[in-house]
1. Go through (1) of a type in the set (Val, Ile, Thr); (2) within 12 Å of the ligand (Cβ to nearest atom); (3) at pLDDT 95 or above and name the single condition VAL144 misses.
2. Within the stretch 166-177, is there a residue that is part of a loop (DSSP other than H, G, I, E, B), in contact with a Ser or Thr (Cβ under 7 Å, 6 or more places away or on another chain) and surrounded by 24 or more Cβ atoms within 10 Å (Cβ to Cβ)?
3. Can you pull out every residue in the stretch 181-201 that is under 13 Å from LEU71 (Cβ atoms) and away from the ligand (no atom under 16 Å from the Cβ)?
4. I'd like the residue in the stretch 125-157 that is farther than 20 Å from THR174 by Cβ and part of a loop (DSSP other than H, G, I, E, B) and, out of all such residues, is most open to solvent (accessible area, probe 1.4 Å).
5. Against the definition (outside any strand (DSSP E or B) and open to solvent by less than 10 Å² (accessible area, probe 1.4 Å)), how does ALA116 come out, yes or no?
6. Can you pull out the residues in the stretch 96-113 that are open to solvent by less than 20 Å² (accessible area, probe 1.4 Å) and under 15 Å from the mean Cα position of the chain (by Cα)?
7. Can you tell me how many residues within the stretch 197-212 are assigned to a loop (DSSP other than H, G, I, E, B) and closer than 22 Å to GLN83 by Cβ?
8. Residue check: is ALA129 within 23 Å of GLN83 (Cβ to Cβ), out of contact with any Phe, Trp or Tyr (no Cβ under 7 Å at 6 or more places or on another chain) and among the hydrophobic types (A, V, I, L, M, F, W, C)?
Amino acid sequence: MPSPRSVATLLLAVACGGAGAGATADTSQSAGDTAVGIEAPADIAAVEPVSAAARADSAPITASQVELDALASAMIIPVQGVQSSALHDAYAEARGGRVHEAIDILAPRGTPVLSAADGKLMKVHESVAGGHMVYAADASDRFVLMYGHLERYADGLQPGMALRQGQVIGYVGTSGNANANTPHLHFAIARGRPSVAWWRGTAVNPYPLLHR
Ligand SMILES: [Zn+2]
């Protein structure tokens, strides 16, 4: 059986930590999480039985430009009231020894987090680094959309339920390793096959898809 580390970039590695400890939401675009508790990728595979299909389908998939354009057209900014001009491209920043591979969308604690696209809820997951997390599939089953550091989940979330673009799935917070002074949504996207493996895919930068 291949090591989970060998197959592709793994989504669960929420690498918010390490940047700008002590920054405040008012003065910094960085989420400034403290560098604690980066979760090992193996942890997530351990909580999810790996099916034969998932093992057979473990080759990394790279998103094509056509696929990225289609996803961009299908998405909204997943935090209520945030304009594209307020987004900051932190995808390639180093955080606690990793590359961030996500964007952090700053908003007051408790701001509704919205499903960025139509699709399906794959998993609600408790992570040391990411805290209260939601993993969803887009409608094409090509992309995993990952939402982290939630204050709490929306009521009634069930794995497998359909999601509509704009549906409230949770609320902005600081769960996991987020700086308590900097509530934000950690939002990541990966190209994979979420119906086969919701935790795995090749990371895609959300910023150019949302900043249009
Ligand atoms: Zn982050």
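1. VAL144 satisfies every listed condition except (2).
2. Within the stretch 166-177, one or more residues are part of a loop (DSSP other than H, G, I, E, B), in contact with a Ser or Thr (Cβ under 7 Å, 6 or more places away or on another chain) and surrounded by 24 or more Cβ atoms within 10 Å (Cβ to Cβ).
3. ARG191, GLY192, PRO194, GLY201
4. Checking each candidate, the answer is ASP155.
5. Against the criterion (outside any strand (DSSP E or B) and open to solvent by less than 10 Å² (accessible area, probe 1.4 Å)), ALA116 qualifies.
6. If the condition is that a residue be open to solvent by less than 20 Å² (accessible area, probe 1.4 Å) and under 15 Å from the mean Cα position of the chain (by Cα), then HIS100, ALA102, ILE103, ASP104, ILE105, VAL113 are the ones that fit.
7. So the answer is 4.
8. no
The values are calculated or read from the model by the stated rules, or taken from the named source; none is laboratory data. On a predicted model such as this, the values are computed, not experimentally measured, just so you know. Every residue, glycine as well, gets a Cβ built from its backbone with ideal geometry; the counts of neighbours run over all protein chains shown. Heads up: the accessible areas ignore ligands, DNA and RNA and are worked out on the full protein's heavy atoms, side chains in. Shrake-Rupley method; radii C 1.70, N 1.55, O 1.52, S 1.80 Å.
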